[in-house]
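Participant: To start, I am sharing the structure in question, which I have written as structure tokens.
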Amino acid sequence: MKLLTGFLGVLLLAFSADIPESVETKIARAMSAGPPDIAKSARIVDTSAQGKMVLLREGSNGFTCMPGNPKVIGDPAMCADAASMLWAADFKAHKPKPTNTVPGITYMLAGATQRSDSDPYDQTSPPITVPPHWMIMWPFDPKATGLPTTHRDTGAYIMWAGSPYAHMHIMGRPWRETLREWSMSKRARP
């Protein structure tokens, strides 16, 4: 019986992997990446199988959220402003350095997986699970900031230090969101 149950579980998993996700599921996952007050008015886009951007929902606040693909390492759900979107497009195109002229902000409050904190284009290292965080997309020099360059689950660090795509990772949720959650939990207590 255990063998039959195990076989049916594997079979179900194999078939469910091919079922396309609904637009509503993708929108919900994209919105989970940003603070609620930003995600609720953000534009939401996805990437087609052909690599083209597909609009899932219009937005009005200058942020774009994407559902990512939880089955792909390095493709997390995220919400980003225009400067970060330009930074990401430059990174994807392997430009020598980002062309954004102002710092960008990217939220990954649903967490992420990645391959390396030191090599932007690493495709072979074992996956690293990253808890909720947000990032400032601007070239940071760890020597000038005094911030570490190694992965940490709390505080901040410079990811991809020494590369033109170095940027600051701030672990956890933005203070305003954390304060709101704390305040709500205090009200809920008798």
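The values are calculated or read from the model by the stated rules, or taken from the named source; none is laboratory data. Keep in mind it's a predicted model, so treat the numbers as computed, not measured. Here Cβ is always computed from backbone atoms with ideal geometry, including for glycine, and neighbour counts include all displayed protein chains.
Participant: What's the total number of residues in the range 26-54 that are closer than 13 Å to ALA110 by Cβ and surrounded by fewer than 13 Cβ atoms within 10 Å (Cβ to Cβ)?
Facilitator: Here the count works out to 1.
Results for (1) closer than 16 Å to ASP117 by Cα; (2) modelled with pLDDT of 85 or more; (3) assigned to a loop (DSSP other than H, G, I, E, B); (4) under 16 Å from the mean Cα position of the chain (by Cα), shown as yes or no for each residue.
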position: LEU147; (1), (2), (3), (4): yes, yes, yes, no
position: ASP153; (1), (2), (3), (4): yes, yes, yes, yes
position: GLY162; (1), (2), (3), (4): yes, yes, yes, no
position: ILE170; (1), (2), (3), (4): yes, yes, no, yes
position: SER185; (1), (2), (3), (4): no, no, no, no
position: PRO190; (1), (2), (3), (4): no, no, yes, no
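Participant: Moving on. Is it true that GLY74 is closer than 24 Å to TRP160 by Cβ, loosely packed, with under 13 Cβ neighbours inside 10 Å and out of contact with any Asp or Glu (no Cβ under 7 Å at 6 or more places or on another chain)?
Facilitator: The answer is no for GLY74.
Participant: Could you please let me know if LEU56 is touching a helix residue (DSSP H, G or I) at 6+ places or on another chain (Cβ under 7 Å), of a type in the set (A, V, I, L, M) and not in a loop (DSSP other than H, G, I, E, B)?
Facilitator: Yes: the conditions hold for LEU56.
Participant: Looking only at the range 72-86, how many residues end up being part of a loop (DSSP other than H, G, I, E, B) and touching a residue at least 24 places away in the same chain (Cβ under 8 Å)?
Facilitator: 5
Participant: Next question, about the same structure. Grab the strands (runs of 3 or more DSSP E) fully contained in the range 93-137, keeping just those with 1 or more residues being touching a Phe, Trp or Tyr at 6+ places or on another chain (Cβ under 9 Å).
Facilitator: Because the criterion is at least 1 residues that are touching a Phe, Trp or Tyr at 6+ places or on another chain (Cβ under 9 Å), the strands (runs of 3 or more DSSP E) in the range 93-137 that meet it are 104-108, 133-137.
Participant: I'm checking my understanding of the structure. Among residues of the range 34-53 that are polar (S, T, N, Q) and in a loop (DSSP other than H, G, I, E, B), which one is nearest to ARG173 (Cα to Cα)?
Facilitator: Residue satisfying both the conditions and the ranking: SER41.
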